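Worksheet: one structure, shown below.
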Amino acid sequence: MLTPQGGVRSELTINRLAPDRFYVVSAAAAERHDSDVMWRALPPNGGVRIDNLTQAWGVLVLAGPKSRDVLRKITDADLSNEKFPWLSGQDITIGHAPVRALRVNFVGELGWELHHPLTYQNVIFDAIMEAGKEFDIKPFGIRAMDSLRIEKSYKYWRGDLFTEYTAWESGLDRFVHLNKGEFTGREALVRQQQQGVPRKFVTVEVDAKESDPWGNEPLFIGKKMVGRDDHRRLRLQHRQEPRSRIREERACRTRHRAEDRDARQAPRRPPHRGLALGSGEQTAAGREKSEQ
């Protein structure tokens with residue numbers, strides 16, 4: 001969802017269930033925010049109704065290179081790429097539990113979000129863990145997911161996506177379709193596209209042996225400030241700035257804090273690195289195809 005200036009107001013998933021029925025998934029931290037935005041946008045004629053399912057529905061995420069093998073053991077649905085492609089959703093059953101399965105996740109690996117009535121959650125969880133025993137399945141936490149989504153360059157609302165940066169600047173080009181009719185922020189995006197995008201969101205890798213950026217710091221190439229760090233990401237004011245130069249100049253390790261000296265002597269935090277799930281070792285080319 002965009003602002004009239006083309007900035008990113010929020011990020012969510014929409015599954016179209018019927019021509020006039022949609023299932024909207026928002027981040028837990030953004031529930032009230034997104035709900036408020038949608039309620040304010042309701043047409044005055046009462047032609048659209050919003051039902052909040054937060055207290056009635058839950059979700060389990062099954063992700064990793066063996067996730068299809070696990071899920072196949074507990075459902076009769078066809079999970080192939082041809083019948084269940086990326087960014088699609090289907091209603092399936094796991095045992096006797098109804099599940100709305102979405103081929104999308106925030107990890108960046110092959111996987112599904114399994115949405116379900118909360119009364120079935122324990123049944124579904126137990127079925128997944130039992131089916132995954134032979135693959136050494138393990139639960140993982142939000143911090144592990146954060147490391148994995150950074151490796152995939154997936155962007156996080158209020159961590160990477162802000163109203164002050166447009167959809168073009170935030171690297172959301174593939175989700176923007178200017179020819180679909182009017183929508184909030186369209187005029188601003190058209191204008192910026194014609195004038196040129198002044199900065200671009202990129203992901204850089206930091207040497208774990210050196211000091212890491214702490215987040216929301218100015219970043220420099222030489223003496224020139226080129227952007228700011230948002231959890232190991234870098235926004236450049238010039239699109240053509242080569243990444244090799246960024247790494248060579250070690251822009252993302254620049255410190256401009258008075259307490260920097262003391263911070264360097266403090267116990268180091270674990271570096272933000274992706275965690276392998278199952279046989280998840282991948283080459284750079286493999287990561288591009290990981291969701292297949």
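Note on HIS96: accessible area is roughly 130 Å² with a 1.4 Å probe, heavy atoms of protein only.
Rounded to the nearest whole Hz, the Karplus-based 3J(HN,Hα) values (6.51 cos²θ - 1.76 cosθ + 1.60, θ = phi - 60°) of segment 155-172 follow the sequence 9, 10, 4, 6, x, 10, 9, 9, 5, 7, 10, 6, 4, 5, 5, 7, x, 9, with x at glycine and proline.
Between ASP69 and ARG191, what's the calculated FRET efficiency when r is the beta-carbon distance and R0 is 45 Å? Round to 0.05.
0.40
Taking amide H positions as modeled 1.01 Å from N, with prolines and chain starts lacking one, the residues under 5 Å from ILE221 and 5 or more places away or on another chain are VAL226.
Take the Cβ atoms of GLN55 and THR3, set R0 to 25 Å, and the FRET efficiency comes out at 0.25. Each residue of segment 97-104 was assigned a 3J(HN,Hα) from its phi angle through the Karplus expression (A = 6.51, B = -1.76, C = 1.60, θ = phi - 60°), giving 8, x, 9, 9, 8, 10, 7, 7 Hz with x at Gly and Pro.
Please work out the average accessible area per residue across segment 1-109, using the 1.4 Å probe convention, and give it in Å². Present the calculation step by step, with values, prior to reporting the outcome.
On the way: 6460 Å² over 109 residues.
Counting only protein heavy atoms, the per-residue value for segment 1-109 is 59 Å².
Amide H contacts under 5 Å for LEU2: ARG9, restricted to partners 5 or more places along the chain or on a different chain, H placed in the peptide plane at 1.01 Å from N. Here the Kirkwood formula, the inverse mean of 1/r across different C-alpha pairs, assigns segment 145-184 a hydrodynamic radius of 11.7 Å. By the gyration tensor of its Cα atoms, with a ≥ b ≥ c the square roots of the eigenvalues, what is the shape of segment 3-50: rounded for a/c under 1.5, prolate for a/b over b/c, or oblate? Note, shape of segment 3-50 comes out oblate. Shape of segment 84-163 from its Cα gyration tensor (a ≥ b ≥ c, root eigenvalues): rounded if a/c is under 1.5, otherwise prolate when a/b > b/c, or oblate? Because a/c hits 1.5 or more and a/b exceeds b/c, segment 84-163 counts as prolate.
Where does each of VAL48, VAL190 land when they are ordered by accessible area, with a 1.4 Å probe and the largest first?
Details: VAL48 80, VAL190 35 Å².
If we order VAL48, VAL190 from most to least accessible, we get VAL48, VAL190.
The label-point distance for SER88 and ARG40, in a model that sets each label 7 Å from Cα toward Cβ, rounds to 3.7 nm.
What a 1.4 Å probe finds exposed on segment 67-138 is 51% carbon and sulfur by accessible area, rounded to a whole percent.
Report the FRET efficiency, 1/(1 + (r/R0)^6), for SER80 and VAL24, where r is their Cβ-Cβ distance and R0 is 25 Å, rounded to 0.05. Kindly include the intermediate steps, with their values, before the conclusion.
Values: r = 27 Å, r/R0 = 1.08.
The formula returns an efficiency of 0.40 here.
Taking amide H as placed 1.01 Å from N in the peptide plane, VAL204 has its amide H under 5 Å from the amide H of LEU234, each at least 5 places away in sequence or on another chain.
The values are calculated or read from the model by the stated rules, or taken from the named source; none is laboratory data. Given the structure is predicted, the values throughout are model-derived calculations rather than measurements. Ideal geometry is used to build each Cβ from the backbone, glycine not excepted, and the neighbour counts take in all protein chains shown. Calculation scope for accessible area: heavy atoms of the full protein, side chains included, ligands and nucleic acids excluded. Shrake-Rupley method; radii C 1.70, N 1.55, O 1.52, S 1.80 Å.
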